[in-house]
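A.B. asks: Once you've had a glance at the structure underneath, I'll fire off some questions.
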Amino acid sequence: MSAGPERRLRWRPLSVLLLVGGALCLVAAVLTRDPVPLFLGLPLLLAPAAAAVAGPRSAPVVAVDLRVDGTGGDVDFRGTVASGVEVDARDLVVEFARPPSLAGDTAPGIVRTGREVRFRAAWTAPEPTIATIEPPAVLWRDPMGLVEREATFSREPLVVTRYPPEVLRIGPVQLERTTPLPGETRSRRVGESGEFHGIRLARPDDPPRLINWRATARAGRALANEFDLDKTGDLLIVLDARPTPLGRDGDEHLLSIMRATAVGLSDSFLAVKARVGLGVFGEFLDVVPLSTGRAQRVRIASALTRARLSPVPAPAERCAVSVRRQFPPGLTTIVMSSLADDPAADLAPFLRRRGYPVVVLSPSPLPLVAGSSRLSAPDEALAARIAKLVRRHRIARAWQEAPTIDWENYWSLGPFVEFVRRPRVRRAG
Amino acid sequence: MSATTVGAAARPDRLPSLVALLVAAVLLGYLSGVPDGWGIVLAAAAVLAAALLRQSSADAVAAYAPVPVVVVLVVEAVGAPVGIGTEIVAGLAGLAFLVWLADDPSRPVGGAARSLGTVAVPALAVGIAWSSALFVPAGALPLGVAGGLLALTLGAVALLLGRPTVFDREEA
């Protein structure tokens, strides 16, 4: 195993101080013909070299185990660093950085037991977020702090996703069924509802032909047949990652919230075996094609973790054209956009004209803007009222093209969940 | 993004090493020849300042704790008159300083014991140098040897600072 440049022995500033002090003593001893500084200089000069020789001669191997627990906005980050035989765990220094989107402890709790260093930090996510916790830097540092060497271990960043809990409670939603993708082969259909999927509890609005009378007689309660076509559907989630007048910070903030919520939505729909696709529209459209299963969950989560704000705005029609090339029309489409300006509001109409039934979920920028104003209290109140009126106006205009949900409380998706559970309301809109 | 050092925990005072450093520095200050007892005051003040800086909760401040001690020890050693006792006191002050460094309160306890190997090498060198000074007669030759040693040491320091990989066992 060869050590990279970062895993070589490094002198710490204290070593430089000692070496400079020792060298000065040596020079002074020769110039003044006085051996006393020489005696002081000897320990100072030799200590760094002795520390380097006494320590491990190559990057020490340690085992790092990281874990994230907690629900809702709580992020309980804990880890264990186990040292090998070559170094003492007490000489290991663990340095890590808290992701910027999380808040909380900067000084984690440390427990050192035997050959292990255990640490724990309690963080919170103020808003829905996808945060990447980079693996910590584990350093062996000699007890004097003269030299250090980075340890070797398997480095896998942890991804923490926190989204509104309601999205997991959406339940069965009737999604639009689309034509098969090129290359997709469907099995032979049996009956008008397609292949039999399973038996479920009957609902009051189930027609008598759907009731499985034999199963009902055996179980003593009403059971109905469920078919693949009833069970699954297709969903496309489109994120608007174009810059808006909110500025880079505001846009990034909202995009972070949208990314996290998109992960939650895809989790929710993939759990009921729906096919889910993803599009992130910045300058161009980055897509994850329609698919289902756990692998698709990983694909979508990875794509959303990588998604970044585009530095250049792009016309909404480009998004619609790209979506049409990648996805079949008729696909239920959830567009997440801040609707902070007119071009942002154009996305839904263009998609709708290309044949995609669109629902717009719009995280409101007002909570972000409210905290950053430098106005006096009365002016602030007036500005907030005007901003709210402008926002209402934008939402009303967006409603003319597609159902639009204004999302002000980022931790609650109640209105959206309520909406998708009632497709009749959607059609009426 | 806030980088957090996990080692920065409670900072209990490490009295034995602090006392050893204080005694050695004060003794060197006493022998340094600085008039009116200012050598002692200077040494005590430097050690006290270093101890206080180390107690600081800010790691950036605590990192400067060794500076006053190094400066004062060098100043006192440079001004000290020749003498067998002064030489050994200077050497011991340097060693006490190393032990005090190893007792860093921001690190787990037992640093002094764990750094025994690091302190032993300089201690051996001081012992050899002191016994040589004690038993080898003085003359023009020692000065030449000292000059040669100086050149050699400065060269070694430059090499070590430039290529720390000489201590690596593996291929770079």
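A.B. asks: What's the number of the condition B:ASP104 fails, among (1) at the interface with another protein chain (Cβ under 7 Å from one of its Cβ atoms); (2) in contact with a Ser or Thr (Cβ under 8 Å, 6 or more places away or on another chain)?
C.D. replies: Of (1) at the interface with another protein chain (Cβ under 7 Å from one of its Cβ atoms); (2) in contact with a Ser or Thr (Cβ under 8 Å, 6 or more places away or on another chain), only one is false for B:ASP104: (2).
A.B. asks: Please go through region A:112-145 and give me each residue that is surrounded by 19 or more Cβ atoms within 10 Å (Cβ to Cβ) and among the acidic types (Asp, Glu), ordered by number.
C.D. replies: Result: A:GLU127, A:ASP142.
A.B. asks: Does A:VAL276 satisfy the condition of being in contact with a strand residue (DSSP E or B) (Cβ under 9 Å, 6 or more places away or on another chain), more than 14 Å from A:PRO363 (Cα to Cα), β-branched (Val, Ile, Thr) and in a helix (DSSP H, G or I)?
C.D. replies: No: the conditions fail for A:VAL276.
A.B. asks: Which is at pLDDT 90 or above and among the acidic types (Asp, Glu), of A:ASP240, A:ASP249? Working first, answer last.
C.D. replies: Numbers: A:ASP249 fails: at pLDDT 90 or above.
The conditions single out A:ASP240.
A.B. asks: Quick check on A:ASP249: is it in the same structural domain as A:VAL417 (by TED's automatic domain parsing) and of a type in the set (D, E, K, R)? Before you say what the answer is, go through the steps one by one.
C.D. replies: Values: in the same structural domain as A:VAL417 (by TED's automatic domain parsing): yes; of a type in the set (D, E, K, R): yes.
Yes.
A.B. asks: Please find, within region A:285-300, the residue that is nearest to A:GLU252 (Cα to Cα) out of those that are surrounded by 19 or more Cβ atoms within 10 Å (Cβ to Cβ) and out of contact with any Ser or Thr (no Cβ under 7 Å at 6 or more places or on another chain). Break it down into steps so the answer makes sense when it comes.
C.D. replies: To start, the set of residues in region A:285-300 that are surrounded by 19 or more Cβ atoms within 10 Å (Cβ to Cβ) comprises A:285, A:287-288, A:290, A:296, A:300.
Those still in the list that are out of contact with any Ser or Thr (no Cβ under 7 Å at 6 or more places or on another chain) too: A:287-288, A:290, A:296.
Numbers: A:VAL287: 19, A:VAL288: 21, A:LEU290: 26, A:GLN296: 25 Å.
Here the answer is A:VAL287.
A.B. asks: Working carefully through the options B:ALA138, B:ALA49, B:ALA112, find the one that is at pLDDT below 85 and in contact with a helix residue (DSSP H, G or I) (Cβ under 6 Å, 6 or more places away or on another chain).
C.D. replies: Step by step, each of B:ALA138, B:ALA49, B:ALA112 is checked, and only B:ALA112 is at pLDDT below 85 and in contact with a helix residue (DSSP H, G or I) (Cβ under 6 Å, 6 or more places away or on another chain).
A.B. asks: Give the residue, chosen from A:GLY84, A:GLY109, that is in contact with a Lys or Arg (Cβ under 9 Å, 6 or more places away or on another chain), more than 12 Å from chain B (Cβ to nearest Cβ) and on the phi < 0 side of the Ramachandran plot.
C.D. replies: Only one candidate passes the filter, namely A:GLY84.
A.B. asks: For region A:318-377, name all the residues that are touching a strand residue (DSSP E or B) at 6+ places or on another chain (Cβ under 8 Å), among the aliphatic types (A, V, I, L, M) and under 22 Å from A:PRO164 (Cα atoms).
C.D. replies: Selection gives A:ILE334, A:VAL335, A:MET336, A:LEU339, A:VAL358, A:VAL359, A:VAL360, A:LEU361.
A.B. asks: OK, next. So if I check each of A:LEU24, A:LEU46, which one is assigned to a helix (DSSP H, G or I), facing chain B (nearest Cβ under 7 Å) and closer than 21 Å to A:ARG141 by Cα?
C.D. replies: Unique residue meeting the criteria: A:LEU46.
A.B. asks: Next question. Just to be sure, is B:LEU15 exposed (fewer than 15 other Cβ atoms within 10 Å of the Cβ) and at pLDDT 90 or above? Spell out the reasoning first.
C.D. replies: Details: exposed (fewer than 15 other Cβ atoms within 10 Å of the Cβ): yes; at pLDDT 90 or above: no.
For B:LEU15, the condition - exposed (fewer than 15 other Cβ atoms within 10 Å of the Cβ) and at pLDDT 90 or above - is not met.
A.B. asks: Next question. Any residue in region A:57-69 that is hydroxyl-bearing (Ser, Thr, Tyr), touching a residue at least 12 places away in the same chain (Cβ under 8 Å) and more than 9 Å from chain B (Cβ to nearest Cβ)? Walk me through how you get there before you give the answer.
C.D. replies: Of all residues in region A:57-69, those hydroxyl-bearing (Ser, Thr, Tyr) come to A:58.
From what is left, the residues that are touching a residue at least 12 places away in the same chain (Cβ under 8 Å) are A:58.
Narrowing further to those that are more than 9 Å from chain B (Cβ to nearest Cβ): none.
No.
A.B. asks: Which residue is surrounded by the fewest Cβ atoms within 10 Å (Cβ to Cβ), if the candidates are limited to region A:87-97 and must be of a type outside the set (Asp, Glu), touching a Pro at 6+ places or on another chain (Cβ under 9 Å) and within 8 Å of chain B (Cβ to nearest Cβ)?
C.D. replies: Per the criteria, the residue is A:ALA97.
A.B. asks: Here's a follow-up. Looking at region A:74-81, can you tell me whether even one residue there is without any contact (Cβ under 8 Å) to a residue 24 or more places away in the chain, small (Gly, Ala, Ser) and in a strand (DSSP E or B)? Talk me through it step by step, then tell me what you get.
C.D. replies: Of region A:74-81, the ones without any contact (Cβ under 8 Å) to a residue 24 or more places away in the chain are none.
No, every residue in region A:74-81 fails to be without any contact (Cβ under 8 Å) to a residue 24 or more places away in the chain, small (Gly, Ala, Ser) and in a strand (DSSP E or B).
The values are calculated or read from the model by the stated rules, or taken from the named source; none is laboratory data. The shown structure was predicted, so the numbers you read here are calculated from the model rather than taken from an experiment. Every residue, glycine as well, gets a Cβ built from its backbone with ideal geometry; the counts of neighbours run over all protein chains shown.
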